[in-house]
Amino acid sequence: MYERIGSNVRKSWLLVGGFVVFVLVVGLVVGQAFEYGYWPLAISGVVAVLMSWGSYFNSDKIALSMSKAVPADETQYAQLHNIVEGLCLAAGMQKPRVYVVNDDAPNAFATGRNQEHAAIAVTTGLMEKMSRDELEGVIAHELSHIKNRDILVMTLAVTLVGVIVLMADVMIRMLWWGGGGRRDDRGGGNAVFAILGIVLLILAPIVAQVMHFAISRRREFLADADAVFITRYPDGLISALQKLQADQTVVRSGSRATAHLWIEAPIPRSKNEARGGRGSGAWLNRLFDTHPPLEDRIAALQESSVAGSRP
């Protein structure tokens, strides 16, 4: 457990470090391509530090706002609060803030930088479509992310990835329109740096995806296993994942920026995939997916359940 927490903290620092380096490289390239000197580098350094600091302390608020989550009223959602409190007691952890997303699609996510500043959000569709045992399984999964500090690297990725893509877009506009920089006697900016800038633009989405992959898919299998350890009832989570697999509704406020936060990526899936089929081009889709296939997670839980029941 402690080794896993330490690993996630190291991943968070690597994520922030990679973001800072990328932004500094962008600033250097822009400065050299348009002969602005080192001013863009200095400005990029300030932006990188401010954005890293801001994302660390505010990424949970951003994720909740993007998902249109609102605080769950303790009277209206008494059962939800009761489940969260009971599971936190069983897991030996502090109760996070509880939010609700008004959406028919069954889903849930956790966010925040640590247990003291964590939040869990569930959709109204999840509460309507899941039994108590299934709901406990899903919530235990999200609480496991909090306890393991998965959410630290997960929430940092939400804002840092967005900033990388935005900066790449600004850079290519400057390259396209000439940037207004000083010209030398031969006319034009530094062609080598201009080409490098275009290469960086092409690589930016890949860098962003790599940052998503820094949140290993393995964490979902570990969170599933930890959820079963908390509830002591694997059938609850297995049944919940089977319902998620069969359900075709998609979270309206979901986006690719926050997809890795949810228990199931809130993006449309083909009916063939929902039934467990691979489909044409499915291998390519899964290569860039933030979650392991639900059928693989279900199979892993069923296998461990059978193994645990053997004398």
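Computed from the coordinates by the stated procedures, all read-outs in this text should not be read as laboratory data. Fair warning: this is a prediction, and the values are worked out from it, not measured in the lab. Cβ atoms come from the backbone with ideal geometry, glycine included; neighbour counts cover every protein chain shown.
Laid out as a table, the results:
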read-out	value
Additional length obtainable on full extension of the chain from Ser253 to Lys95, 0.36 nm per residue less Cα span	54.4 nm
Proxy reagent accessibility, fewest Cβ within 10 Å first, across Arg113, Arg132	Arg132, Arg113
Sequence of His117, His291, His141 once ranked by neighbouring C-beta atoms within 10 Å, starting from the fewest	His117, His291, His141
Ranked list, fewest to most other Cβ atoms within 10 Å of each Cβ, for Ile120, Ile62, Ile151	Ile62, Ile120, Ile151
Trypsin sites (Lys or Arg not before Pro) within region 23-102, DSSP loop, no more than 16 other Cβ atoms inside 10 Å	Lys68
